[in-house]
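Structure first, commentary second.
The values are calculated or read from the model by the stated rules, or taken from the named source; none is laboratory data. Keep in mind the model is a prediction, meaning the values are calculated, not measured. Quick reminder, even Gly has a Cβ in these numbers, built from the backbone with ideal geometry, and neighbours come from all protein chains shown. Please note that ligands, DNA and RNA were not included when accessible areas were found on the heavy atoms of the full protein model with its side chains. Shrake-Rupley method; radii C 1.70, N 1.55, O 1.52, S 1.80 Å.
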Amino acid sequence: MSSPILTWTRGVVREVLPNGLTVLVQRDSAAPVAAVVTHVKAGFFDEPDRWQGISHVLEHMFFKGTPTRGVGQIARETKAAGGYLNAGTSYDHTSYYVVLPATRLAEAVAIQADALMHATVDADELARELQVIIQEAKRKLDTPDAVTQETLNEVMFDRHRIRRWRIGYEPQLAGFTREDVVGYYHSRYVPDRTIVTIAGDVDVDEALQLARRTYGGWRTGPATVDRSPEEPPHREVRARSLSGDVTQAELALGWRGVPPLDPRAIPLELAAAVLGAGRGSRLYRAIREPGLATSVSAWHYAPTELGVFSIDATCPAERVAEVVERVAEEVRSLTRHGPSPSELERARTLLLARWSRGMEEMDGRASALATAEAIGDYHLLDREFAELATSTGEQVRQAAADILDPGAVSAVVYYPREAAAGFGAEQLKAAFGRPAGGVGLAAPAVSGWSPRKVGSGGAPGSSQARTEFEVSHLALPGFDLLVRRKPGIPLTSLGVYLPRTRFDPLGKAGAGALAVRSCVRGAGPLDAGALALAFEGLGGSISTSVTLDWLGFGTSVLSQNMRQAAELLSLVLTDPRYEAAHVNAEREVLVEEARHVADDMFRYPIQLVLRSAFGDQGYGIPASGLPGDLAALTLDDVRSVHRNELMEPRGIVVAVGDLETGRMLDDLSGVFGALPARPSATLEGRIGWLPGGTAIVREEARQKAQTAIALAFPGPGRRDANRHAADVWCAVASGLGGRLFEALRDRRSLAYTVLLTSWQKARGGAFIAYIATAPEREEEARREMLSELSRFAEEPVTSEELDQARNYLAGQAAVQRQTSADLAGEILEAWLAGEGLSDLDDPGARYLAVSRAEVQAAATRALQGGEARAEGVVRGVSPASG
């Protein structure tokens, strides 16, 4: 990375209050938002066995009220301030955060502090919430990768608490009492174990004064520290096989890593990136590119006192052994020979850019500062960033050799039940115990291509136009350029997109996806590896965008490299290689991915309900395709999509980043202005809704712990006048403090996840309601969901509900503009699916103008007595009954 090393902690002010609580404040005026993160050094590692899972239980009760704020009031007040509220429990800490307009900071601090210091933990509320948590635990049991990874921890560790199923099991969860939870709360949630971080467009002095006033009077008893048993050393190859109702095998390989302050921690992050980050990584090219697996990744995770290095893959059951062999080969090579200079630089550039992206959002920045401070010192952020920039190849090799010991590897494979396969320690030992071969997969050479020399101005275009939102537009013969400057983080999000004026033909679902994804397997003189390396050397990876309304390609790179990235995107769009072997390999990966969707208890019911609502074409079929259709696609189908959908319609190029607007327009017009003229293409017409007098239901039975129900009703599209009222209805209904949340989750303990969302596309839309519950409560869940939804049509929402929802949406309109990628996505959607750039001007005002009558009208039109309902159901059954 040739740019100067950034100082992420510049301007941070740290103060330890007399009671021991630490406050960190950092001003960043890139967006008019602020984040408050409350980081408590109490997590799963702090739980004795009798309290396994209690940290997560307390996280839920944190929002359940205080002596001055009743049940649900914390969420409602946060929503009324325009804020988003959430929390997460990790192994070494629990974090609570809110992101909202900076002008409402004082309210956010007051709400967070009240919950932190005065949580009531009402016994009746606890009993109801424990049933919700049990549903969450069942959902986790239905998530194959979570089961696989946490089982790997159990296999690798003998005594340390990381080996436990961290959310806890139903019998123990159901037995927790108020005394248990309050005991844990009072002994762990104390000032000297708490860090409050405020980041955003704030006055530092005022924020510090606010923190002193709010937290200074907090007094508690002494902290209780119940440390995990220490893990004894061992060197042993271990393996375990699982089976269940899954469509593909989940593989997790792991080694004991190092704690975050170990000098090998950063070199291990680089080793993981060399192996598994991006399309140019060793494992992607050895395993994902030839189609052996649908996904592969590597990472090093280091909470406080230990670490885990893991390599994960999802693949067909019959390929597990081959995937393990390929992983072992690449690990052996890395530990013996280290990364090549180009591999190291690629990994380094990717990680530095990824780090930068994580600091764009204020909650990400505040969380990073708090985490570093909890480890020992917030300046650790700068030290780690510098280490990423300076670690040598030999340091990476040595760290990998120390940790990725072939005699200490563990494996867990979660097989489809019908596979009748297993993977044992002897097989694992044989794979990793082979003699070292060569230097592994050679890094691809980026030869035969270089950026074109372009002068300022490029090809002629129409005059530049701006909107109130400060998006500059330049019309070229074949493309519209839409650019916006976003100063701060030195990154630029860039993409080229084409409107989908035609859907995939009947029987060819996924043709667009295959055409677009095959483009990145080689273009012009660059094969897949060289193309990946070219992008990753600029600080980003190429991504494909396959939706029902557009197709395209995007990347996020260091701003200084934007022009080179534009040249590469143009090459990918206009000159894909489409070699038969690579298209066939990508098709096989898409087929396996499409099958794997059925394992997702959120995505799959929604896929089913959209098919019930819209039928077997258009919005009824996932853009990524269906397994049977994908398997029959040919190279001719791919070339037809490229000719008619990627090369014919007028496209758009969107760029948002830390560059002068004039430079962006000059560079982009120089690249895309040289391409031929294209006819304008707009997304017109309305996609019909199938259900009429009776509901249309698609359902499947699976051996799962829960039943997931998705209900769909006709809703507005992205261009409809009542779309803002639709969003307000959903905001009243969903989220913390929403009606569905309180009625179905809080009062009835029916589910962990319950929501209503407005699914808006260019040529139609839907309201989608979702709930996942215990199988024996399916009918109750459906009945109560429909009953709660019908209330919105029968009577207007209250004035308080309306104000909370409007303020929330107006506030989040600003919060969602923190990153260059989010801004680019908003511009893209407005131009192709909306009414154009005018959609971007003050969206908050449009939400604030919605009335109670408009919300009721939106609900009435959608529900229509329930007769236009579509359903998608994945019904959980036990193995015996299934």
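The residue that is nearest to V327 (Cα to Cα), counting only those in the range 384-406 that are open to solvent by 20 Å² or more (accessible area, probe 1.4 Å) and part of a loop (DSSP other than H, G, I, E, B), is P406. A search for C-beta distances below 7 Å between a residue of the range 636-651 that is touching a residue at least 24 places away in the same chain (Cβ under 8 Å) and closer than 14 Å to V583 by Cβ and any residue that is open to solvent by 40 Å² or more (accessible area, probe 1.4 Å) and in a helix (DSSP H, G or I), counting only pairs 6+ apart in sequence or on different chains, returns nothing.
Restricting to the range 355-383, and then to whatever is out of contact with any Leu (no Cβ under 9 Å at 6 or more places or on another chain) and surrounded by fewer than 18 Cβ atoms within 10 Å (Cβ to Cβ), can you tell me which residue is farthest from S493 (Cα to Cα)? The qualifying residue farthest from S493 (Cα to Cα) is D377. Scanning the range 236-282 for residues that are more than 30 Å from A368 (Cβ to Cβ), open to solvent by less than 40 Å² (accessible area, probe 1.4 Å) and of a type in the set (A, V, I, L, M, F, W, C) yields V237, A239, V246, A249, L251.
Checked against (1) out of contact with any helix residue (DSSP H, G or I) (no Cβ under 8 Å at 6 or more places or on another chain); (2) under 16 Å from Y185 (Cα atoms); (3) among the hydroxyl-bearing types (S, T, Y), Y96 passes all but a single condition, namely (1).
Sub-6 Å Cβ pairs linking a first residue in the range 116-135 that is open to solvent by less than 10 Å² (accessible area, probe 1.4 Å) to a second residue that is of a type in the set (D, E, K, R) and at pLDDT 95 or above, at least 6 apart or interchain, are V121/R178; L126/R178, ordered by first then second residue. Residues in the range 515-563 that are closer than 15 Å to S493 by Cβ, assigned to a helix (DSSP H, G or I) and of a type in the set (S, T, N, Q): S559, Q560, N561.
Taken together, the residues in the range 200-239 that are farther than 23 Å from G276 by Cα, in contact with a helix residue (DSSP H, G or I) (Cβ under 8 Å, 6 or more places away or on another chain) and not in a loop (DSSP other than H, G, I, E, B) amount to 6. Assess whether T349 counts as being surrounded by 22 or more Cβ atoms within 10 Å (Cβ to Cβ), at pLDDT below 95 and of a type in the set (V, I, T). Yes.
Considering only the range 301-334, state which residues are of a type outside the set (A, V, I, L, M) and in contact with a Ser or Thr (Cβ under 8 Å, 6 or more places away or on another chain).
Y301, P303, E305, D312, T314, C315 - these are the residues of the range 301-334 that are of a type outside the set (A, V, I, L, M) and in contact with a Ser or Thr (Cβ under 8 Å, 6 or more places away or on another chain).
Need pairs with beta-carbon distance below 8 Å; first residue touching a residue at least 40 places away in the same chain (Cβ under 8 Å) and outside any helix (DSSP H, G or I) and within the range 595-614, second among the polar types (S, T, N, Q) and surrounded by 21 or more Cβ atoms within 10 Å (Cβ to Cβ); sequence gap 6+ or separate chains. Pairs found: M601/Q706.
Taken over the range 600-619, the criterion of being surrounded by 21 or more Cβ atoms within 10 Å (Cβ to Cβ) and within 16 Å of D549 (Cα to Cα) is satisfied by L610, F614, Y619. Among the residues of the range 37-44, are any closer than 30 Å to L352 by Cα, buried (at least 22 other Cβ atoms within 10 Å of the Cβ), among the polar types (S, T, N, Q) and at pLDDT 95 or above? Checking the range 37-44: at least one residue is closer than 30 Å to L352 by Cα, buried (at least 22 other Cβ atoms within 10 Å of the Cβ), among the polar types (S, T, N, Q) and at pLDDT 95 or above.
Search the range 62-81 for residues being hydroxyl-bearing (S, T, Y) and part of a loop (DSSP other than H, G, I, E, B), and hand back the single one that is most open to solvent (accessible area, probe 1.4 Å).
Filtering first and then ranking leaves T68.
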